1. Looking at (1) within 23 Å of residue C:174 (Cα to Cα); (2) within 14 Å of chain A (Cβ to nearest Cβ); (3) of a type in the set (A, V, I, L, M); (4) in contact with an Asp or Glu (Cβ under 6 Å, 6 or more places away or on another chain), which one does residue B:237 not meet, given that it meets all the others?
2. Which numbered condition trips up residue C:5, out of (1) over 30 Å from the mean Cα position of the chain (by Cα); (2) within 16 Å of residue C:87 (Cβ to Cβ)?
3. Which of the residues spanning the range B:160-204 are at the interface with chain C (Cβ under 7 Å from one of its Cβ atoms) and closer than 18 Å to residue C:92 by Cα?
4. Would you call residue C:315 under 30 Å from residue C:219 (Cβ atoms) and out of contact with any Phe, Trp or Tyr (no Cβ under 9 Å at 6 or more places or on another chain)?
5. So in the range A:286-307, with the set limited to residues that are closer than 18 Å to residue B:289 by Cβ and not polar (S, T, N, Q), which one is most open to solvent (accessible area, probe 1.4 Å)?
6. Determine, yes or no, whether residue B:193 is over 22 Å from the mean Cα position of the chain (by Cα) and more than 20 Å from residue C:211 (Cα to Cα).
7. So residue B:22 ticks every box in (1) surrounded by fewer than 20 Cβ atoms within 10 Å (Cβ to Cβ); (2) within 30 Å of the chain's Cα centre (by Cα); (3) among the hydrophobic types (A, V, I, L, M, F, W, C) but one. Which box is left unticked?
8. So residue A:143 fits all but one of (1) of a type in the set (Ser, Thr, Tyr); (2) away from chain B (no Cβ under 14 Å); (3) open to solvent by 20 Å² or more (accessible area, probe 1.4 Å); (4) touching a residue at least 12 places away in the same chain (Cβ under 8 Å); what number is the exception?
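The values are calculated or read from the model by the stated rules, or taken from the named source; none is laboratory data. Here the structure is a predicted model, which means the values were calculated and not measured. For neighbour counting, all protein chains shown are included, and Cβ atoms are generated from backbone atoms with ideal geometry for every residue, glycine included. With ligands, DNA and RNA removed, areas are computed over all heavy atoms of the protein, side chains included. Shrake-Rupley method; radii C 1.70, N 1.55, O 1.52, S 1.80 Å.
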Amino acid sequence: MKTTLGELAVRFGCELRGDPSIVVDSVGSLAHAGPNAVTFLANPKYVSQLKDTRAGAVILDAKSAAASPVPALVVANPHATYARVATLLYPEPPLHPGIHPAATVGAQAVVDPTAEIAAQASIGRNVRVGARCFIGPGCVVESDAVIGDDTRLVARVYIGRRVSLGARCIVQPGAVIGGDGFGFAPEKGTWVKVPQIGTVTVGDDVEIGANTTIDRGALGDTVIEEGVKIDNLIMIAHNCRIGAHSALAACVAIAGSSVIGKRCILGGRAGLTGHITLCDDVVVLGTSFISHSISKPGVYSSALPSEEAGVWRRIVGRIKRLDAMAKRQRALEKHVGFSATDQDSSED
Amino acid sequence: MKTTLGELAVRFGCELRGDPSIVVDSVGSLAHAGPNAVTFLANPKYVSQLKDTRAGAVILDAKSAAASPVPALVVANPHATYARVATLLYPEPPLHPGIHPAATVGAQAVVDPTAEIAAQASIGRNVRVGARCFIGPGCVVESDAVIGDDTRLVARVYIGRRVSLGARCIVQPGAVIGGDGFGFAPEKGTWVKVPQIGTVTVGDDVEIGANTTIDRGALGDTVIEEGVKIDNLIMIAHNCRIGAHSALAACVAIAGSSVIGKRCILGGRAGLTGHITLCDDVVVLGTSFISHSISKPGVYSSALPSEEAGVWRRIVGRIKRLDAMAKRQRALEKHVGFSATDQDSSED
Amino acid sequence: MKTTLGELAVRFGCELRGDPSIVVDSVGSLAHAGPNAVTFLANPKYVSQLKDTRAGAVILDAKSAAASPVPALVVANPHATYARVATLLYPEPPLHPGIHPAATVGAQAVVDPTAEIAAQASIGRNVRVGARCFIGPGCVVESDAVIGDDTRLVARVYIGRRVSLGARCIVQPGAVIGGDGFGFAPEKGTWVKVPQIGTVTVGDDVEIGANTTIDRGALGDTVIEEGVKIDNLIMIAHNCRIGAHSALAACVAIAGSSVIGKRCILGGRAGLTGHITLCDDVVVLGTSFISHSISKPGVYSSALPSEEAGVWRRIVGRIKRLDAMAKRQRALEKHVGFSATDQDSSED
């Protein structure tokens, strides 16, 4: 799509420093954007890269604007504005409303006439598909599910029975929303399946990544609140609740019945045990394991960065003998008549 | 479905304390079950919650029964009995035997007339589908696979060539059973693919979670014994064997040729290296990494719980300098003429 | 397939010690191969197992050849030669060129007449499918994608818009190549989606495992170079580059914009943070977490092997109090007038 800097400035509330009639049709990085492309500077620490850009315009904040050698779109939040400009310039392919002849739609399903159901999709009984939805190729939407307006199931998505998705959601390929939770009652060394009666409720403006799985509740629902962003290969177990506008990076796993507050950020491969609660505004660094509830906003970690393997092996040996080492320390203290005063002393 | 407390008591061998003619049609939690719902008390530590329940009946054990303010179904294993009651009250949708016109079935495939093949499913040559099976929408079953009676492939499941599944299995959406194992021979800085000649054999009463992958064997088969329960996003590599009635929580990963005993429990994200053996009745706590065989039943762990990030960073610094710290301890011991006697002393 | 030892020796450049007319039709392990099967000895440490083999022939190197009680195919790299022999004896099922009537092919798509498009596959507009490709059942190939000659998408694979795959690639079921990267700009406690304009470029001879996800680039492409082998359930985020002939074991996760060198090996569940670089020939052991760039070839680890849970709990307690322990050590040193000289002393 083509537009002008003047149109971008008006549409996205930027101050334009430069010629409003300049035409742009694409976006690019500071280093690679050409004269028809818009770029952006979100992090002032890269301001030195500005001087070499050949972009048609740079989106940046007022502090950095003076350093731009090319037209500037000045705005408080350059990254968010860049996102909107890129969305304008790279629209999703237009919908082809209607049901592809190679799709299957069950009885009593109600598909809005402005929605598109692509080839090889399977829509169950009594499903409701909202306005301007895209149900991509190979998707399976089971009976009684509800898909909100403008929601996009990219391809090969599974939506279980009675699952509801809000408006403007995007679900990437391979995601499974509403598979059975993992519930079994032990009995004489075997397991009896506990039916998973609940479902999954997903709010508006949620994005769910490729091959992520969100299980239906055992009793009551698994809930993803509005604005949550969920990356790929994530596991959200039955009866979890993810608070509004939280973001979960790839490979996060959350065990059953845990509750995540609003605006939390879970780094890649963070893991949470079941039945715990994180308050609002908690950040968990990648690879960390949370085994207890957190009631204080902040940043939490248990990530162990790698070492050269020989060095690491020696460290592991030391870790495994830490108890002995602490006892030697205590014996040494006694030997020299030294009395430790920290909280450790009562625990040896 | 509707039934009476009397019928439940007879069918599931409970002692009924209350009116056998009371009608129930659903299940619910202690807190939320209404007068038409059955609830249960599996863990005596929640017995204090009993007094507020408004359920139609509570399934519980003899010790807790006196505390119930509502009719009681008394039984030795309330959780397992609850599971069976819920299964009765929430039956799977009835099968529609036959092959959907939008499914594809290969030559010489034998589909039992009581089985259902749903829309967009693809059944390969010479596949055998047992009685009362459900092959859900979008499933792919490759040639020469065998699906046992009453097995349910929910949707978008992949079953590879010659894979066999037992009776009464449930496979959740997106699971891949029988993809190629990861086998390559190094040659001059590149890799030569080693054909994966084996297959996967799955016993009766196995459940396999969403987007889990179980690879076919390189030579010989990957084996999942009867009654094993496997959660979502789990990786079981080629030539593993999972012993009967073991349970694997989400995101477990097991490298090639490892053998898990019977009745083992692997917590979420537990990881096992290849070519090791766990004996029967091993429990691995979530997030733990098993690098050696285990020959003694018990509970094993290497999980590291998180701290506030600043505190954790300081701990990591200490861990990385543990070797130096141990050497200082030893030097100090020498300095003061103290002789440590533990097993550490020989290793410094 | 049947062949003779003589034919194998000629075709794969082996020295044959034995009767060239012996017919073989299969492969097997040292222990289980029968008289019609070929086996191999790749690791000289198993040479003692040779004496009991009943195989038709053993592929091994010159050093071990004398110990073989059966005909020997002597070659420098027995494992690679075994891989080629097995590939010969177990060919993929023959292609059935053409487009299955239950597949869907978009306008302007160009499918080579020697390629096979299986049932329930969906091929988008303007896709190009090369010679002798196999697009398996349930695959979705979006518009403008390019599939190189002899590439095999096993089943239910997703290939996003404009993604290109090289020749002779194999993609296992459920893999998602070209889903959106995880890019959002924060704005007033919510997230604005950043369009993912780039795509994924996959070189020749790449294998990609089941349910693995490789995201398209935000700006510029995610790149998988030739000969890379990627196992199951792996996450490769937007704008990563994986160097030629690297091998990634199952459940590896790599955050955005990281660059892996050539011939690297990442063990199972290794994790890499974003925006880092590994030089060529780096090995990361399983379960390890790499948080910084690595510029020196070698082996790296942060894996923590499990202990019995009670022992481990005690160790964790010690780890959490390491800071206090170090301070006690320092106080003790001062108390006895001992001066440590290592690099630790400046950091307390």
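1. Of the numbered conditions (1) within 23 Å of residue C:174 (Cα to Cα); (2) within 14 Å of chain A (Cβ to nearest Cβ); (3) of a type in the set (A, V, I, L, M); (4) in contact with an Asp or Glu (Cβ under 6 Å, 6 or more places away or on another chain), the odd one out for residue B:237 is (2).
2. (2)
3. Taking the range B:160-204 and keeping what is at the interface with chain C (Cβ under 7 Å from one of its Cβ atoms), we get B:174, B:176, B:179-180, B:182, B:184-185, B:187, B:189-195, B:197.
B:179, B:180, B:182, B:184, B:192, B:193, B:194, B:195, B:197 - these are the residues of the range B:160-204 that are at the interface with chain C (Cβ under 7 Å from one of its Cβ atoms) and closer than 18 Å to residue C:92 by Cα.
4. No: the conditions fail for residue C:315.
5. This residue is A:307.
6. The answer is no for residue B:193.
7. (2)
8. Every listed condition holds for residue A:143 apart from (2).
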